[in-house]
Amino acid sequence: MSKSPPRDRARFFVLDGVDGCGKSTLAARLCGELERAGRAQPLHLREPGSTKAGEAIRAVALGKQYELAPAVEALLMAAARRQMLDELVAPALAAGRDVVCERFHPSTWAYQGVAGAVGEKRVVELLKRWANEPAPDLVLILDAPVEVALARRGGAERDRIEAKGRAFHERVAAAYRRFAEEKPFGGRVAAIDASLPTERVAAQVWEAVRGIL
Ligand SMILES: Nc1ncnc2c1ncn2[C@@H]1O[C@H](COP(=O)(O)OP(=O)(O)OP(=O)(O)O)[C@@H](O)[C@H]1O
Ligand SMILES: [Mg+2]
């Protein structure tokens, strides 16, 4: 018996990676490619947020006016994710629309679990219990060196987590690489070399996506 889903089923894609690696750029391009391939218009989401409640949680989780322990950040991310899965992802998939989401479990695992020292196992337990359904069909980890990604973002305003400094972001980048190898939540995970020009990154993304359509 094949584990592959039927061809007509809508798919849930996640693009994740360090700040400035190209998530928003590649997510928009992937949505365009999926439509050109004849699929229904995909739903493009970002985390934390995308729902009204999730955007309010985002303002608390990332706002510079709050001081939050990484464990509290993880709990807020899980809450925003649960809301998004119930309110947006599940209905879109049920209606036959693919979902392309910027950030998901790998962000929580890398930023809070590893770099923030909440602990990988605690993050996996939390998210598997509270925010794991529907699960992504394919997780794409955009891997780019921290200095390349930060340079791409230029002098853009930093939120509270982005402002944590270079050493923190190096730990995050290393964690993402390990995520792609260890796949702590199971499922399909593909590492993409995001240091290349956009066209070549997009080609790698499409190749991985096409493999599961
Ligand atoms: N492969 C690439 N090569 C060169 N520049 C790129 C590439 N991908 C994206 N960029 C540019 O880098 C900048 C950051 O990209 P983008 O906003 O897509 O990243 P992001 O991962 O969504 O960032 P953030 O974490 O801040 O939301 C943009 O100006 C974008 O045009
Ligand atoms: Mg972005």
Please state, rounded to one decimal and in Å, the Kirkwood hydrodynamic radius that the chain gives when every pair of distinct Cα atoms enters the mean of 1/r. 17.3
As a test of the formula, what do you get for the chain when each DSSP H run with n ≥ 4 contributes -39,500 (n - 2.57) and the sum is divided by the residue count, at 222 nm and rounded to the nearest 500 deg cm²/dmol? -13500 deg cm²/dmol
Under 10 Å, Cα contacts only: if you run a Gaussian network model on the chain, which one of Arg36, Arg122, Arg46 comes out with the highest mean-square fluctuation? Arg36
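Where a number appears in this text, it was derived from the coordinates with a stated rule and is not lab data. The structure presented is a predicted model; accordingly, all values stated were derived computationally and were not measured.
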